[in-house]
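The values are calculated or read from the model by the stated rules, or taken from the named source; none is laboratory data. The structure presented is a predicted model; accordingly, all values stated were derived computationally and were not measured. No Cβ is skipped: glycine too gets one built from the backbone with ideal geometry, and neighbour counts run over all protein chains shown. Protein only, heavy atoms only, side chains kept; ligands, DNA and RNA dropped before computing areas. Shrake-Rupley method; radii C 1.70, N 1.55, O 1.52, S 1.80 Å.
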Amino acid sequence: MTCEQVNPGLWQLRFPEHEAAFIVHVLAQLGRHYEQDIGKLPPALRAYWQGSIGSGETSDAKGLQEEQEMLAEARAELRSDRLAMVETWISEYELAKKLDPWEVALTGVERDEFVAMLNDRRMQIALELGVTEADMDADAEAIPEDKRRHGILEIDVLGHFILATLGPQIYRP
Amino acid sequence: MSQVESMLGAKRLTPQRRGIEPRFEAGGALAMAQPGTETSPDVDVEEKLKEAFARGWTVIVWNDPVNLMDYVVYVFKTVLKMNEQDATRHMWEVHQKGKSVLAQETKEKSESIVHRLRGFGLSATMEKAP
């Protein structure tokens, strides 16, 4: 894929057909995830979507009860907003007359949401599989268990899509 | 000891008792002006003092095995308006030490920053500044 800034507030994403199909598959998975009730998610994912706003001496959220409730509300709203975005993008894909490449124009805010959603998918897989730092450093192709190997490969591939959308952020001489 | 006294140091006299007006320098640092030097109107000073003392909450980002380094730098630059050097330094601190304190702000501002960082999938919390 490529991501080109066409004017100060607009980016043009272009996906070859097979990458577009992959991204739409990811969006569909995300849509199903966003639809789920947070309370019914596995504990690690529930913590990701709810969690505690406080840490250290404030980890019990004493004195932060109101903020904790507002965070929970904001997180639920975010899932609902992202579900709507997923539905819009899938619908645009289905209606697109040209799919090679599939072209999507995004504002700065939409571009941020797009990468944050791809990151949600990476986090979802990692939390479901209990992925560790060692897993991320290891050769994914060499992982014997199919589900784990596919999951970590998907995390890697989505990382490439995120970087292709944002461009490198760290200066490497 | 009140929180304000604690932040100033218990034995330090308040500026008013010593007849010295507080003033704020660039970056929010509190300095003492001697009598007769230029001072802001009392109301501004009071507001600025309140704001400085209210910035008693820190925003912390915690390490995780999945978020990409470049992505984390992008998020710090976007949410906290950091320059590349600062964003990169904080990213490395998270990666190597397990966490980094990104900001010291008011409770409301800290809450807003935590919400935005979490929206990008980073593990962020807030706590009372020591």
Angle check, please: helix A:17-35 long axis (alpha carbons) against the longest principal axis of chain A (alpha carbons), in degrees 0 to 90, nearest 10. 20 degrees
With axes computed from alpha carbons, what is the tilt in degrees of helix A:146-166 against the longest principal axis of chain A, rounded to the nearest 10 within 0 to 90? 70 degrees
Potential extension, A:Q5-A:R172 segment - 0.36 nm per residue separation minus Cα distance: 57.9 nm
Which of A:Q65, A:L163, A:S55 sits farthest toward the positive end of the charge dipole of chain A, with +1 on the Cβ of Lys and Arg and -1 on the Cβ of Asp and Glu? A:L163
Which of the three applies to segment A:47-173, rounded, prolate or oblate, going by the alpha-carbon gyration tensor with a ≥ b ≥ c and a/c under 1.5 meaning rounded? oblate
Please find the FRET efficiency linking A:E145 to A:Q29, where r is the Cβ-Cβ separation and R0 is fixed at 22 Å, and quote it to the nearest 0.05. 0.65
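First measure r as the distance between the Cβ atoms of A:D156 and A:E73, then evaluate 1/(1 + (r/R0)^6) with R0 = 25 Å and state the FRET efficiency to the nearest 0.05.
Working: r = 34 Å, r/R0 = 1.35.
Using R0 = 25 Å, I get an efficiency of 0.15.
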Pick out which of A:P16, A:P43, A:P144 has the largest mean-square fluctuation in a Gaussian network model of chain A, springs linking Cα atoms closer than 10 Å. A:P144
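Could you look at segment B:85-130 and say what percent of its accessible area is carbon and sulfur, using a 1.4 Å probe and all protein chains?
Result for segment B:85-130: 47 percent of the exposed heavy-atom area is carbon or sulfur.
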Accessible carbon and sulfur surface of segment A:49-148 relative to its total accessible area, %, 1.4 Å: 50 percent
Expressed in nanometres to one decimal, the distance between label points 7 Å along Cα→Cβ at A:D81 and A:A44 is 2.8 nm
Buried accessible area between A and B, both sides, 1.4 Å probe, in Å² rounded to 100, is 2900 Å²
Once the Cα atoms of helix A:65-95 and of chain A are each reduced to a long axis, what angle between those two axes, in degrees from 0 to 90 to the nearest 10, is obtained? 20 degrees
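What whole-number value in Å² describes the accessible area per residue of segment A:60-173 for a 1.4 Å probe?
Ligands and nucleic acids excluded, the result is 54 Å² per residue.
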Roll a 1.4 Å probe over the protein chains and send me the accessible area per residue for segment B:43-119 in Å². 48 Å²
